[in-house]
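The values are calculated or read from the model by the stated rules, or taken from the named source; none is laboratory data. Only a predicted model underlies this, so the values are computations on that prediction, with no experimental measurement involved. Note: ideal-geometry Cβ built from the backbone for every residue, glycine included; neighbour counts use all protein chains shown.
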Amino acid sequence: MLPTTTAGSLPKPGWLAETEKIWPAWRLSGAALEDAKRDAALVMLKEQECAGIDIVGDGEQFRQHFVHGFLERIEGVDFGKKRRIGIRADRYEADCPTVTGPIVRPRPVHVEEAAFMRRHTTRQLKFTLPGPMTIVDTLADDYYGDRPRLALAFAQVLNQEVRELERAGVDVIQFDEPAFNVYLDEVAEWGVEALHRAIEGLTCATAVHICYGYGIKANIDWKKTLGGEWRQYERTFPVLAASRLQQVSIEVAGSHVPLELLELLGDKAVLAGVIDVATNQVETPQQVAETIRRVMAHVPPERIIPCTNCGMAPLPRDVARGKLQALGAGAALVRKELGAG
Ligand code: ZN
């Protein structure tokens, strides 16, 4: 009951990469870097396990950024041709690589990393990947000239990847789609179709993460323009309820999402964001428990997976560690109340 997990990313240690950045530069190179990534992943795994996180991951220690980490090893994406473009409907600018040819995955991208994690934990293992719409929104395109077509091309290579991740022992595949909160019409038109293509043939659990973004200034400023009630999910949840994805990861803590919208998710499992990543203030276990109880007013506890609102990559390490511990302890409090401790 109430198994805990994170949205995905955790801070990188200062000896691995620059800290508190979403596109941090690595501190090392070559074999030393590869070693350091594995070391960091083990540290982050240990921190999750000690905090009582049930469904663990690599904290995205192996990739510089949650989208570009995958794209770096995809053919047809030229990182030598970076352009500064507005992403998430021009909410902020990023230096993005350009699609210059057919999208091809010449070899596995993250499969060795997943196998490494599998060897080091007996807990359920989750692996996160960028979703097709979010990939398309974090790229310049000189080749396809059509976002749905480009998304389907990425869905195809993502599908090749996740089938191998599943064989490597991953229990949950999660696609990160912050773009789903921005392009509401496109979610129904082609976003979910692209995700369906990406999960084809999987038997493990599948999830989609839809957040209001990392706790960076551009996102915090954007949230201030969304008014007293954030109703983006009202459009996307019915579409997702009808989809073949099993879990939906959403923001609750510190957000203005009206929680009755959760009822629009049908029978999906809800990865309820009970940790706010937009503040360095560490929640108390009691606050986490209270947020879980608020969610329980709309979703039965059997379908709730307490989670973070989004990745914690840009947070200071001690803050992220405190939040992980609060997440584990807060869920344990509610479990105890339910007699499931
Ligand atoms: Zn997120």
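Per-structure values
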{"item": "Subset of the range 161-192 (residues that are part of a loop (DSSP other than H, G, I, E, B), within 15 Å of the ligand (Cβ to nearest atom) and at pLDDT 95 or above)", "result": "GLU177"}
{"item": "Flag if HIS298 is away from the ligand (no atom under 16 Å from the Cβ) and either among the β-branched types (Val, Ile, Thr) or surrounded by 15 or more Cβ atoms within 10 Å (Cβ to Cβ) (or both)", "result": "yes"}
{"item": "Number of the condition not met by GLY227 [criteria: (1) in contact with a Pro (Cβ under 9 Å, 6 or more places away or on another chain); (2) at positive phi; (3) not aliphatic (A, V, I, L, M)]", "result": "(1)"}
{"item": "Out of THR121, THR98, sole residue that is buried (at least 16 other Cβ atoms within 10 Å of the Cβ) and either within 20 Å of the chain's Cα centre (by Cα) or under 30 Å from CYS50 (Cα atoms) (or both)", "result": "THR121"}
{"item": "Some residue of the range 302-309 being part of a loop (DSSP other than H, G, I, E, B), free of Cβ contacts under 8 Å to residues at least 60 places away in the same chain and out of contact with any Asp or Glu (no Cβ under 6 Å at 6 or more places or on another chain)", "result": "no"}
{"item": "In the range 326-341, the residues that are out of contact with any Pro (no Cβ under 8 Å at 6 or more places or on another chain) and more than 13 Å from ASP54 (Cβ to Cβ)", "result": "LYS336, GLU337, GLY339, GLY341"}
{"item": "Some residue of the range 143-152 being within 16 Å of the ligand (Cβ to nearest atom), farther than 14 Å from ARG105 by Cα and either over 20 Å from the mean Cα position of the chain (by Cα) or not in a strand (DSSP E or B) (or both)", "result": "no"}
{"item": "Hey, ILE250 closer than 17 Å to GLU234 by Cβ, out of contact with any Ser or Thr (no Cβ under 7 Å at 6 or more places or on another chain), aliphatic (A, V, I, L, M) and not in a loop (DSSP other than H, G, I, E, B) or not", "result": "yes"}
{"item": "Search result, residues across the range 193-225 that are out of contact with any helix residue (DSSP H, G or I) (no Cβ under 8 Å at 6 or more places or on another chain), within 16 Å of the ligand (Cβ to nearest atom) and modelled with pLDDT under 95", "result": "TYR214, GLY215, ILE216, LYS217, ALA218, ASN219, ILE220, TRP222, LYS223"}
{"item": "Per-region count, the range 43-63, residues small (Gly, Ala, Ser) and under 14 Å from the mean Cα position of the chain (by Cα)", "result": "2"}
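For (1) modelled with pLDDT under 95; (2) within 16 Å of the ligand (Cβ to nearest atom); (3) farther than 30 Å from ARG63 by Cβ; (4) surrounded by 17 or more Cβ atoms within 10 Å (Cβ to Cβ), each residue gets a yes or a no:
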{"residue": "ALA253", "(1), (2), (3), (4)": "no, yes, no, yes"}
{"residue": "ALA269", "(1), (2), (3), (4)": "no, no, no, yes"}
{"residue": "GLN281", "(1), (2), (3), (4)": "no, no, no, no"}
{"residue": "GLU302", "(1), (2), (3), (4)": "no, no, yes, no"}
{"residue": "THR308", "(1), (2), (3), (4)": "no, yes, no, yes"}
{"residue": "MET312", "(1), (2), (3), (4)": "no, yes, no, yes"}
{"residue": "ALA320", "(1), (2), (3), (4)": "no, yes, no, yes"}
{"residue": "ALA326", "(1), (2), (3), (4)": "no, no, no, yes"}
{"residue": "LEU338", "(1), (2), (3), (4)": "no, no, yes, no"}
